[in-house]
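To start, the structure under review is shown below, and the notes come after it.
The values are calculated or read from the model by the stated rules, or taken from the named source; none is laboratory data. Predicted, not measured: the structure shown is a model, and the values here were computed from it. Here the Cβ is made from the backbone with ideal geometry for all residues, glycine too, and neighbour counts use every protein chain on show. Heads up: the accessible areas ignore ligands, DNA and RNA and are worked out on the full protein's heavy atoms, side chains in. Shrake-Rupley method; radii C 1.70, N 1.55, O 1.52, S 1.80 Å.
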Protein chains: 2
Amino acid sequence: MQVINYPTPEQYATIIQRPVMDFEEIEQRVRPIMEAVKTRGDEALREYSLQFDKVAIRDIRVTPEELEQAESQLTPELKEAIQVAYQNIETFHRVQKEAVQKVETMEGVTCWRKSVAIQKVGLYIPGGTAPLFSTVLMLGIPAKLAGCEELVLCTPPNAQGQIHPAILFTANLIGIQKVYKVGGAQAIAAMTFGTESISKVYKIFGPGNQYVTAAKQLATKEGVAIDMPAGPSEVAVLADRSARPAFIAADLLSQAEHGVDSQVLLITDHPPLVEDVQKEVESQLAQLPRKEIAVKALENSRMVLTKTMDKALELVNEYAAEHLIIATDNADELADSIYNAGSVFLGHYTPESAGDYASGTNHTLPTYGFARNYSGVSLDSFIKKVTFQKITKAGIEKLGPYVEEMAAAEQLDAHKNAVTVRIKE
Amino acid sequence: MQVINYPTPEQYATIIQRPVMDFEEIEQRVRPIMEAVKTRGDEALREYSLQFDKVAIRDIRVTPEELEQAESQLTPELKEAIQVAYQNIETFHRVQKEAVQKVETMEGVTCWRKSVAIQKVGLYIPGGTAPLFSTVLMLGIPAKLAGCEELVLCTPPNAQGQIHPAILFTANLIGIQKVYKVGGAQAIAAMTFGTESISKVYKIFGPGNQYVTAAKQLATKEGVAIDMPAGPSEVAVLADRSARPAFIAADLLSQAEHGVDSQVLLITDHPPLVEDVQKEVESQLAQLPRKEIAVKALENSRMVLTKTMDKALELVNEYAAEHLIIATDNADELADSIYNAGSVFLGHYTPESAGDYASGTNHTLPTYGFARNYSGVSLDSFIKKVTFQKITKAGIEKLGPYVEEMAAAEQLDAHKNAVTVRIKE
C-alpha cells in the first residue's frame, strides 16, 4: 500500500482515484451476445453457456425438486446462519415501507404518493469463485417485501450443470420460483429481451464481472432500468489512536480479497497506526487462501496520514466510499459529518462483513465514487412512487385561476383551457 | 386520431407504441460539443451560444441585480400565481422528508438510514418557444428542501442575451443564486465537466430537446447521475359514460400542444364518447395558437374503445402513461387498480394542467413507458440514503458466528477473519 503523509487539497484528486475502468472494448464483445439472445432466444443461451461456461444446459429452468432438495445438502449451521441473516435483513427492510400520506395543499386539492412495486424484476447472482447466496438474500428479500409480481433469478451453473445448493436453498427460502441456469452477459440479455424460457423484466439487479456490467449498461438503452452503475468494491477506514491495528488490517483484507481491482484506503490522524496496520496486514495476509488476489488489490490501495481529524473527514467525503468504517471511540459523533458514503460502520466492533452478510443492511452499494449521487439498494429500489391528486369543483375554482395565469405566461393556451372549461361549466 | 375498437390483447403492443426515438445520429453531433466544453470551458460555451442561439454572451452568469430586477417586469397576478404554486409544491414535497428510524435487528446490532442531500446539483430549464418557469419551481423547491449545497441553473438566453423575467423571478424566489445564460448540449456539458464559470455537479435534472437529452445520456458515462431517461410528453385519459367530452378534449389538447412528438390516448368503455370527444377536439383545436403542433401530435394519437372497464384498466397499465386522467365518477376506486403511471388525476375536476403548475405534485415524470420502472422527481431525487450500523461487543459476539459461517461458505476467509479477530479479543 502506498503511504501518503499530510496531503494538500491538491493531492486529494490523486488519492481518491479509482482503478480505471474501460468498457468500450468489452461493450463491443457484449453487443453481439445481446443481439443473438434477442433474435435467437434460448438457442443462443445454450450456445453461449457451452462456449463460456463449458456446460451443455439441458433444462434452463431449475426444477421445483432441485429447489426443494438443496436444503439437504447444507449443514444445519449454515442453514441457521442464512435464516438469522434473513430475519435481520427482513426486519431492516420492512421498516422502509411507507404509508400513504394524503396532503391537502389547498382547500379541495388533495395530493399523495403511493408506493407500487415494479412488476417484473430480474436478479443476477454471479457464480465463479464463490457462491454468492448472500446476494440472493440482499436482492430477494426487498423484492418480495415490495410485492414484485414476477421475480426472475439467473445464475451460472458449474461444469456439471448444477447451481450451488446454498443459492437454491436461499432462493427457495425467499420464495423465488423462477431460477435459471444462465450466467454472464447472455443472462442479462435474456432478462432484457425475454426468451422462450425467461421473461423480460423491467429492472435488473445484481453484481457481476465486467461482461455482466457492460450488458447491464446496454440493457438501459433498451428501456430496462438497473440497480446502479457498477465498479470494483472498496472500503475506507477512518481511524484514530483508539483503533486496533489488527481489526483494521482484517477489515482492509476482507475488502482486498474480493478482486484484484478492489481498493482499500486507511485514513488516520495517528502516525504510529500506519506502520502498525502495515505489519498486521502482512502477518494476516500470510494466512489467507485468497492471498494472491489481496496482494494485487493492495497495490491499488493507500494509507493516508492527516494532520487533524477534520482533514481526514474532508478526504473521506471526497472519496465517497462504498463502505466506510469509522474505527474511533467517538464514531457516532463523527458520523454526523459524513455526507458521501454507501454504508457506514461505526466503532471498533462493527466490521464491514457484518453488513455484508447478516446485520440487516443491504450490501448492494454504490462503488467508484457513485456514493456522491446514488443510494444503495433498499426497498425503494423495487418500487415506484406514483403521485395521485383529486380536486373538487370548489378546489378547481380556487386553484384554477392561478393555473390559468401561469399557463398563459408560458404560452400554453390549451393547458389554460383545460381549467377554463371546468370553471365555466 | 386513430380509433381502435375492442382490441385483442395481441393488439396492445401496437396501441401502446410511442413515436420512435433515435439518438444515434444526435449523439454523434453532441459528442464533439461535450468534448469541446470539457477541454476549452467557457470559450467553447461562448462559441456554441453564438452558433446555435445566435447570441454573443458577455457575462455567462446572471448578476444579482438582474435576479432582483426581474420582479418589476412581472404582473402582480403572475407573481401571485407563482407564489401560490410555490406554497403548494413546497407543502407537498416537505412531507416527503423522512425521519431517521433506528432499528435494533438483533440485541446489540443497530441499523438505520439517513437522508443526505446530493451536494451539487444542476437544473436545466429549456428556453425556446415558452419560458418554463414552472420547471424552476418543480426542480428548485425539492432541491432546496433536500438541502443541496450547490445549485446551478442553466437556461438559454434570447437573441438579446436575456433570460425571461419569470424564470429569474422564480429562481430568485427559491434562492437559486447561480443562474447561467447557457442552453443546449453545451449547458449539460458545462455541468458535467465544469468550466471557469460553471461548477461541475453530481446530478443533472430537467427537460430539454433531443440534443439536451442526448447530452444527459452522455453525462451518465462521466459518472454524473440524471433525473430519469427522457421521452416525449404524453397523457392517457380513462373515461366512462360519466365523462364530459369537452373536458377530455381540453385535456388531450393540453398535452398535444407540447410538441409534435407528444402522444395522447383516450381509453373508454362508452362507445358514444369516441365521436363526442372527436367533435370537441376539432372545435377547441380551431381556437388554439399552437394548433399546428397539436394537429401533428394528434396524428400519433389513439382513441380506444374497450368492452369493459377491466379491459380498459388492463390497457392503461400496459401503456404506463406519464399522465393518467381517470374521468369517471368512481375514479378513487379505479385508482386502486393502477400500477403503472407517473401521475394520476382523479375525477372530472382534476385536469393535468393543475399538476403541471400548481396543485403541489411534481411535473417531472417518467414518459415513454418508463413509468413501469421509474418514479417521477420528488424530494428523493435530490437525496441519497446512507445506511449506518453500530454493533456492540456483545452484539458482534452474538451476530458474529453467523457471519463467520456464511463467509466461510462463500469462501471469503478474510471476511470471516474480520469477525474472528473481534470475537477473540
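Evaluated against (1) part of a helix (DSSP H, G or I); (2) surrounded by 23 or more Cβ atoms within 10 Å (Cβ to Cβ), A:ASN362 falls short on exactly one condition, (1).
Residue count for region A:194-229, restricted to those that are within 19 Å of A:SER343 (Cβ to Cβ) and open to solvent by 30 Å² or more (accessible area, probe 1.4 Å): 1. Taking the listed residues B:ASP336, B:ASP356, the one that is within 23 Å of B:THR213 (Cα to Cα), open to solvent by 10 Å² or more (accessible area, probe 1.4 Å), of a type in the set (Asp, Glu) and facing chain A (nearest Cβ under 10 Å) is B:ASP356, with no other qualifying.
Among the residues of region A:273-284, is any at negative phi and assigned to a loop (DSSP other than H, G, I, E, B)? There is no residue in region A:273-284 that is at negative phi and assigned to a loop (DSSP other than H, G, I, E, B). Looking only at residues in region A:107-129 that are surrounded by fewer than 19 Cβ atoms within 10 Å (Cβ to Cβ) and within 24 Å of A:GLY355 (Cα to Cα), the one that is modelled with the lowest pLDDT is A:THR129.
Of the strands (runs of 3 or more DSSP E) contained entirely in region A:83-162, those carrying at least 2 residues that are free of Cβ contacts under 8 Å to residues at least 60 places away in the same chain fall at A:103-106, A:150-154. What are the residues in region B:224-254 that are modelled with pLDDT under 95 and either small (Gly, Ala, Ser) or under 20 Å from A:VAL421 (Cβ atoms) (or both), if any? If the condition is that a residue be modelled with pLDDT under 95 and either small (Gly, Ala, Ser) or under 20 Å from A:VAL421 (Cβ atoms) (or both), then B:ALA230, B:GLY231, B:SER233 are the ones that fit. When region B:299-310 is filtered for residues that are of a type outside the set (Lys, Arg) and either out of contact with any strand residue (DSSP E or B) (no Cβ under 7 Å at 6 or more places or on another chain) or in a loop (DSSP other than H, G, I, E, B) (or both), the ones remaining, listed by number, are B:GLU299, B:ASN300, B:SER301, B:THR306, B:THR308, B:MET309, B:ASP310. Condition first: assigned to a helix (DSSP H, G or I) and open to solvent by less than 60 Å² (accessible area, probe 1.4 Å). Now tell me which residues in region B:287-298 satisfy that. Hits for region B:287-298 are B:ILE293, B:ALA294, B:VAL295, B:ALA297, B:LEU298.
The lone criterion from (1) more than 7 Å from chain B (Cβ to nearest Cβ); (2) open to solvent by 90 Å² or more (accessible area, probe 1.4 Å); (3) not charged (D, E, K, R) left unmet by A:GLN101 is number (1). Scanning region B:386-416 for residues that are part of a helix (DSSP H, G or I) and closer than 20 Å to A:ASP332 by Cβ returns B:LYS393, B:ALA394, B:GLY395, B:ILE396, B:LEU399. If only residues of region A:291-332 that are small (Gly, Ala, Ser) and within 13 Å of chain B (Cβ to nearest Cβ) are counted, the one that is farthest from A:TYR374 (Cα to Cα) is A:ALA294. B:ALA371 meets each of the listed conditions (1) at the interface with chain A (Cβ under 8 Å from one of its Cβ atoms); (2) crowded, with 24+ Cβ neighbours inside 10 Å; (3) more than 30 Å from B:ILE15 (Cβ to Cβ) apart from (3).
Assess whether A:ILE383 counts as being in contact with a Gly (Cβ under 6 Å, 6 or more places away or on another chain), on the phi < 0 side of the Ramachandran plot and more than 7 Å from chain B (Cβ to nearest Cβ). No; evaluated as a whole, the condition is false for this residue. Against the test of being within 7 Å of chain A (Cβ to nearest Cβ), surrounded by 22 or more Cβ atoms within 10 Å (Cβ to Cβ) and out of contact with any Lys or Arg (no Cβ under 6 Å at 6 or more places or on another chain), the options B:GLN411, B:GLN389 yield a single qualifying residue, B:GLN389.
Residues in region A:49-91 that are open to solvent by less than 30 Å² (accessible area, probe 1.4 Å) and either closer than 17 Å to A:THR155 by Cβ or touching a Lys or Arg at 6+ places or on another chain (Cβ under 7 Å) (or both): A:SER49, A:VAL55, A:ILE57, A:ILE60, A:VAL62, A:LEU67, A:ALA70, A:LEU74, A:ILE82.
Regarding B:GLN96, is this residue open to solvent by 50 Å² or more (accessible area, probe 1.4 Å) and in the same structural domain as B:GLY183 (by TED's automatic domain parsing)? Answer is no for this residue. Scanning region A:339-351 for residues that are outside any strand (DSSP E or B), touching a residue at least 24 places away in the same chain (Cβ under 8 Å) and within 7 Å of another protein chain (Cβ to nearest Cβ) yields A:THR350, A:PRO351.
One line per residue, one yes/no per condition, for (1) touching a helix residue (DSSP H, G or I) at 6+ places or on another chain (Cβ under 8 Å); (2) over 15 Å from B:ALA236 (Cα atoms); (3) open to solvent by less than 40 Å² (accessible area, probe 1.4 Å):
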| position | (1), (2), (3) |
| --- | --- |
| B:ILE267 | yes, no, yes |
| B:GLU275 | no, yes, no |
| B:LEU285 | yes, yes, yes |
| B:ASN300 | no, no, no |
| B:ASP310 | no, yes, no |
| B:ALA320 | yes, no, yes |
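Number of residues in region A:230-262 that are hydrophobic (A, V, I, L, M, F, W, C), buried (at least 24 other Cβ atoms within 10 Å of the Cβ) and part of a helix (DSSP H, G or I): the value is 6.
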